[in-house]
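Here is the structure we will look at.
The values are calculated or read from the model by the stated rules, or taken from the named source; none is laboratory data. As the structure is a prediction and not an experimental result, all values here were calculated from the model. So basically every Cβ, Gly included, is an ideal-geometry build from the backbone, and we count neighbours across all protein chains shown. Only protein heavy atoms, including side chains, enter the accessible area calculation; ligands, DNA and RNA are left aside. Shrake-Rupley method; radii C 1.70, N 1.55, O 1.52, S 1.80 Å.
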Amino acid sequence: MSTDSRELEKLTGGDYKYGFVTDIEADTVPKGLSEDVIRMISAKKREPQWLLDWRLKAYSRWLKMTEPHWAFAHYPPIDYQDISYYSAPKTTDGPKSLDEVDPELLATYEKLGIPLKEQELLAGVAVDAVFDSVSVATTFKGKLNDLGIIFCSFSEAVQEHPELVRKYLGSVVPINDNFYAALNSAVFTDGSFVFIPKGVRCPMELSTYFRINSLGTGQFERTLIVADERASVSYLEGCTAPMRDENQLHAAVVELIALDDAQIKYSTVQNWYPGDKEGKGGIYNFVTKRGKCAGVNSKISWTQVETGSAITWKYPSCILQGDNSVGEFYSVAVTNNRQQADTGTKMIHIGKNTRSTIVSKGISAGQGQNTYRGLVKIMKNADGARNYSQCDSMLMGDRCGAHTFPYIENDNDTGQIEHEATTSRIGEDQIFYCNQRGINAEDAVNMIVNGFCKEVFRELPMEFAVEAQKLLGISLEGSVG
Amino acid sequence: MLEIRNLHARVEGNEILKGINLRVNPGEIHAIMGPNGSGKSTLAGVLAGKDLYEVTEGEVLYRGRNLLEMDPDVRACEGVFMAFQYPVEIPGVSNTYFLKAALNAIRKYRGENEYDAVDFLSLVKDKMKLVEMDPSFLNRPVNDGFSGGEKKRNEILQMAVLDPVLSILDETDSGLDIDALRIVANGVNALHNEENAAIVVTHYQRLLNYIIPDFVHVLVDGRIAKSGDKELAFQLEEQGYDWAKDLHQPAPEAV
C-alpha cells in the first residue's frame, strides 16, 4: 500500500457521535411476524377495518415475494422472524403538548441537536419527531392549521383525515411494488403525513427527525406528502440511530404526490449508525421513495445526503406523468470502512415535454463500496422529454470501490438523454497543494470533498447544508492523515 | 535564512540531487537554472516537502531549524511558499474560500487573529491589483478552467496574500506569454523586500530580464556546477547549457 493510502486509512478513526441509547420504557411486541402481529399493531393504533385489510393484503403478497439480491451489496440473510415490528415509548395517551413529553426523550433530541422547544420558538421549523415508531411531538401545528396545512403523524392522519389517507396511500408505491415496500405496507407503525391545500405555499420547512432507539426493532415508517394544485412545500428528513452490535432493518416507504402546478422538495440527511470499522452492526437501510408528478407543470425534487447505514438501498424516483412536469435528483452518498451503498434514481417520463435532472456524487473511502444505479425511461407518448444525468465518483485510498449502472430506455424519437460520468481519486497532488498553503490534510480533504459535492449541497436548505457538510467531515474523519 | 548542506534526494530509487549546497540570506533573490532533468524541480519539491522525494543525505536549515522534519503544512505556516509549475485544480472550491482558509490556517498557527470575511476581501482585492486580476475570478473554483497564464497569476496572488518569508517559484515562467510574464514578474518584484527571499527556478534566462537575481546557480546533474551573478544567466543564454555541462567535473566516486 502506498503512503497515501495508509494515510487515507487513518481517517477511519471517526467515532459515531450519535451512539447513545435512551433509557425509556418501551411498549414492544414480541419478535416475529404473522397475521396476528399485524392485527395487534392495527388494533393498538385503533385503525379502521379498511387499513387492516390493506395491511393483510400486503402481508399475503409479501409472503409470496423473495428478497431482492440484485443490489451490489453483500450481507448475511435477514431473519424476519427475529425482528420486533412494533416499539412505542410507554405513555398512555399521545402527548398534547411538549410539556407532556418524557424529558428523557427531549434530552435525546437535544443530543441530536434538535431542541424542539427552542425550535418551536426560534427556528421556524415545524418538527414531527418520530421516536422509534410513534410520533411523539408535533410543533407549529397551530400556524399551519390556519393555512389549512395538515402536518401530523401518520397514525393521527388515519384517525383525523381517513379519506385523504385512503385516497393516496399506495397510489405511488403499490403494496406489491417490491419486497421491502410490501413488508412496510404490512407492518408500518408510524411516520408523517402532509397535505398542502390548493394554492398554498407552505411558509416554513417541514421537518421530521427519525431515530431508531430500541434494541432489535425494525423501523418501518411511512410518509405521505400530497401537494394539491398550485401548492408547494419543502420537507426535510434527518435520521440517526444508536450504536448496536446487531444489524437493524429500516424499511421505509415515502410517497409524494404533486398535482397541477404543485411543487415538492424533499431533502434527506441520513446518518444511521454505519457499523464499526470491521463492519459489525449498523443499519440496513432498504427504502422505497417515489414521487408522482400527477399534474401538469408539477415538480418533484429529491435531495439526499447519505453518510450513514451499513447498507443503503434506495432509489428516490419520479414518475413524470403530467405534461411539462419536472423531476430532480441530487445525491451525495458516502461509504467508509465497510459501508455499502447502492443508490440512484428512476425518472419515468410519461407526459409530454417532461424534464429530469440527475446529479449523483459518490464518495468511497476505507473498504466502502458505492454504486450508482439509475434508470431513465422515456415512454412512447412523452414527446420532447429531456434528461440530463451526471454521475461522479470519488475514491479515497485503494481498497474501496465505485460502480455505475446507468440504464436508459427511450421509446420516443424526440427524447433527449445526456449522461456524463467521471471517476476520480482524491489527489495526493490536491492535498499537497492545500498543505503547501498551510491547510492540514484533514481540512484539505474536507474542502476537496465538499467542493466535489457542491452542486448537491446548494440544493439543500441552508441549515441542512451546514449540517451535511459537518456530517461529511465526521464520516470521513481519519481517512486521511 | 536557508542553508542547504550536501543535500541528496531520490525519486523511486533514482538519485536526482547529488550534493546541493546553497545559502540564502534575507533580501536575496537566487535563480536556479539548468537543463531539463538536472534536478531543479526536485530541489523545489524537497524544500516544499513533497513526499514523492526521499532525502538520503544532507540537511536543510530554515531559520536555524531542521526544515526536513516539518510537515508540508507546517513549512507553509512557517513562511515557506512554493509557486507550482502546474497549479492543481480543486473543483467546487472557490478561490475566496481556499485563500481565506489558507490565510487563516497560517495566522492561527502564528497565534494571530483570524480574518473575517470583510477584512479578508479588502486584503485580497488590494493584492489582486498586483497581478491585474478581475474580482470576478474570486468566485471561480480554484484553478478550474483557468488558462495557463491565469493559473500562474493566481499563484502569485496567493503568494501576495500569504506573505511568505521564503518563496520558491518553480518554472513560473513556463507557458507564459510576454504580457503574463511581465505581470507575474512585477508581482514578484513588488512583494520582494529586505526581510524575505526568493528562489526562482527557471529553464530560460527570459524571466530574469524582469526579476533581477542577486545570484545565479547552474544546476547540472544534481549538483550546482557554477554560481555567479546575473551575468552568468546571459552567458548561459548565449552559450547554452552544453557549455555549463563542460564546467561540471564529476567528483570521484568514494570507495
With r as the distance between the Cβ atoms of B:Asn189 and B:Glu15 and R0 = 35 Å, compute the FRET efficiency 1/(1 + (r/R0)^6) and round to 0.05. 0.50
For segment A:270-340, what relative contact order do you get, as a whole percent, if you take Cα pairs closer than 8 Å and at least 6 residues apart? 39
Computed over chain B: relative contact order in percent, which uses C-alpha pairs under 8 Å that are six or more apart: 27
Environment charge of A:Gly32, counting only residues whose C-beta is closer than 12 Å and scoring Lys/Arg +1, Asp/Glu -1: -3
Run lengths n ≥ 4 of DSSP H only: what is the helix-derived mean residue ellipticity at 222 nm for chain B, with -39500 (n - 2.57) per run over all residues, to the nearest 500? -11500 deg cm²/dmol
Please give, to one decimal in nm, the separation of the simple spin-label points placed at B:Ser227 and A:Glu163, each 7 Å out from Cα toward the Cβ. 9.4
Chains B and A: how much accessible area gets covered up at their contact, both sides added, probe 1.4 Å, in Å² to the nearest hundred? 2000
How large is ³J(HN,Hα), in whole Hz, for each residue of segment A:259-265 in order, when computed from phi with the Karplus curve 6.51 cos²θ - 1.76 cosθ + 1.60 and θ = phi - 60°, using x for Gly and Pro? 8, 3, 6, 8, 9, 10, 10
How much FRET efficiency would the formula 1/(1 + (r/R0)^6) give for A:Ser171 and B:Asp126, where r is the Cβ-Cβ distance and R0 is 60 Å, rounded to 0.05? 0.50
In segment A:413-436, which residues become less accessible by 20 Å² or more once every protein chain is in place, relative to the chain on its own, using a 1.4 Å probe? A:Glu428, A:Asp429, A:Gln430, A:Phe432, A:Tyr433, A:Asn435, A:Gln436
Taking every residue of B:80-93, the Cβ atoms of other protein chains inside 10 Å of its Cβ average out to 5
Can you run the Rg to Rh ratio on chain B? Use alpha carbon positions and the Kirkwood inverse-distance Rh. 0.97
Residues of B:64-72, mean number of Cβ from any other protein chain within 10 Å of their own Cβ, rounded to a whole number? 2
So, by mean Cβ neighbours within 10 angstrom, what's the order for B:12-20, A:73-81 with the highest one leading? B:12-20, A:73-81
Rounded to the nearest 10 degrees, the helix B:148-162 long axis (Cα) sits at an angle to the longest Cα principal axis of chain B of 80
With each label point set 7 Å from Cα along the Cα-Cβ vector, what nm distance links B:Asp134 and B:Glu3? 5.0
Averaged across the residues of B:101-109, what count of C-beta atoms belonging to other chains lies within 10 Å of each residue's C-beta? 4
What net charge do the residues around B:Ser41 carry, taking every other residue with its C-beta under 10 Å from that of B:Ser41, with Lys and Arg at +1 and Asp and Glu at -1? 0
